[in-house]
Amino acid sequence: MERRLVWDLPTRLFHWLLVASLIVQYLTATWIENAMQWHFYCGYFTLGLLVFRLLWGLVGPTYARFTHFLTSPATVLNYNKTLFSRHSVAYTGHNPLGGYVVVLMLTMLITQAVSGLFMTDDIFMEGPWYASASQSVQNWMNTLHRTGFNWLLAIIALHITAVIFYAIFKKQPLTSAMLHGKKSTKKPAIRSSKLWLAAFLVVVTAILIYYLVVIAPPAPVTEEVYY
Ligand code: HEM
Ligand code: HEM
C-alpha cells in the first residue's frame, strides 16, 4: 500500500504543542516556584490551541474534520467488537472509538483552560475572569480546575496506553503518523495542509484570546452596599 499524507501539518503541530504546553502547565503550577505568571501565559496559549483545533475541525482537511471522525453509534459498536483483534481494519483518520475519545479529551482540556481563567493563587495572581464571578462560581471553578486535572491525567494515560496497544498488539504505528503525517492507506491523501487558512485562523484565534483576557474580560462583580 502507498504511504499517503493523512495528518496535515497544523493538526500535527497542534498535537505536539498541546503535549508540550500541558507539561509546562503542570510544572509551572506544581514544581517550579513563582512561575504562576508563566502558568497564565501558557494557559492562554493552550486555550488558543484548543480554539484553533475546534475551528480546524470545521474547516481543516478531510481527516482533521469532526464530521470525518464522529460516526454513528452503530459504527462505534461494530468497531468495538474488533478492538481486541489483531486484524481489524486500520483507519486512515481516527478510528470510530478514538474519534469520540478525541472529542472527550478536547472537552476536558477546554474545561481545564476556561476554569483556569476564574482561578486565583490566593496570593498575588487572579485569572482575568476571577473578579467577574460570584463566590460560588469561583469555588466551583476552583474545584473543577484542581480535580479536573486528575481526570485529564487519567484520560491521557488511557490515550497513551491505547497508542502503545495499537503499536504492539495491532502493529499499527500511529505515533510515527502523528509525526510525519503519512500512513499506508488506499484512501486518498489530503490535497493540501491548507497552511494559509491555518495561518489566518491562528491570527483570528490570537486576537480573540487577547480580547477576552486583556482588552475586555467580563466586568467585575460590584459588591452591593446597603446603608
Ligand atoms: C499531554 C499528553 C497528550 C494529550 C493531551 C494528547 C491529546 C491528543 C489529541 C487531542 C489527539 C487528537 C488529535 C487531533 O485530531 O487533533 C491526539 C491524537 C494522537 N495522539 Fe496524543 N496526546 C498526548 C500525548 C501523546 C503521546 C505521548 C503520544 C505518543 C506516544 C500521542 C500520540 C497520539 C497519536 C498517535 C494520535 C493519533 C491517534 C489516531 O491515529 O487516531 N499522544 N492526542
Ligand atoms: C489547559 C490549561 C491548564 C492546565 C493543564 C492547568 C493545570 C493546573 C494545575 C495542575 C494546577 C495545580 C492544581 C493543584 O495544585 O491542585 C493549576 C493551578 C492553578 N491554575 Fe491552572 N492550568 C491551566 C490553565 C490555567 C489558566 C488559563 C489559568 C489562569 C489564567 C490558570 C490559573 C491557575 C491558578 C491561579 C492555579 C492555582 C495555583 C495555586 O493554588 O497556587 N490555569 N493549574
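Within the span defined as the range 168-188, one or more residues are free of Cβ contacts under 8 Å to residues at least 12 places away in the same chain, within 20 Å of V102 (Cβ to Cβ), surrounded by 13 or more Cβ atoms within 10 Å (Cβ to Cβ) and within 11 Å of ligand 1 (Cβ to nearest atom). Of the residues making up the range 16-52, just one is open to solvent by less than 80 Å² (accessible area, probe 1.4 Å) and outside any helix (DSSP H, G or I), namely A35.
Whenever a residue of the range 45-58 is among the small types (G, A, S), its partners that are part of a helix (DSSP H, G or I), lying with C-beta atoms within less than 7 angstrom and at least six residues away or across chains, give the pairs G48/T205; G48/A206; G48/I209; G57/A64; G57/F66. Scanning the range 64-98 for residues that are of a type in the set (F, W, Y) and near ligand 1 (Cβ under 10 Å from one of its atoms) returns F66, F69, Y91.
Against the definition (out of contact with any strand residue (DSSP E or B) (no Cβ under 7 Å at 6 or more places or on another chain) and closer than 30 Å to T62 by Cβ), how does R3 come out, yes or no? Spelling it out, it is not the case that R3 is out of contact with any strand residue (DSSP E or B) (no Cβ under 7 Å at 6 or more places or on another chain) and closer than 30 Å to T62 by Cβ.
Inside the range 83-132, residues that are in a loop (DSSP other than H, G, I, E, B), modelled with pLDDT under 95 and within 16 Å of ligand 2 (Cβ to nearest atom) make up a count of 5.
Across the range 86-119, which residue is farthest from Q138 (Cα to Cα) among those that are surrounded by fewer than 18 Cβ atoms within 10 Å (Cβ to Cβ) and free of Cβ contacts under 8 Å to residues at least 12 places away in the same chain? In this case the residue turns out to be H87.
The values are calculated or read from the model by the stated rules, or taken from the named source; none is laboratory data. This is a predicted model, so every value here is computed, not measured. As a convention, Cβ positions derive from the backbone with ideal geometry for all residues, glycine included, and neighbour counts pool all protein chains shown. What goes into the accessible areas is simple: the full protein's heavy atoms, side chains included, and nothing from ligands, DNA or RNA. Shrake-Rupley method; radii C 1.70, N 1.55, O 1.52, S 1.80 Å.
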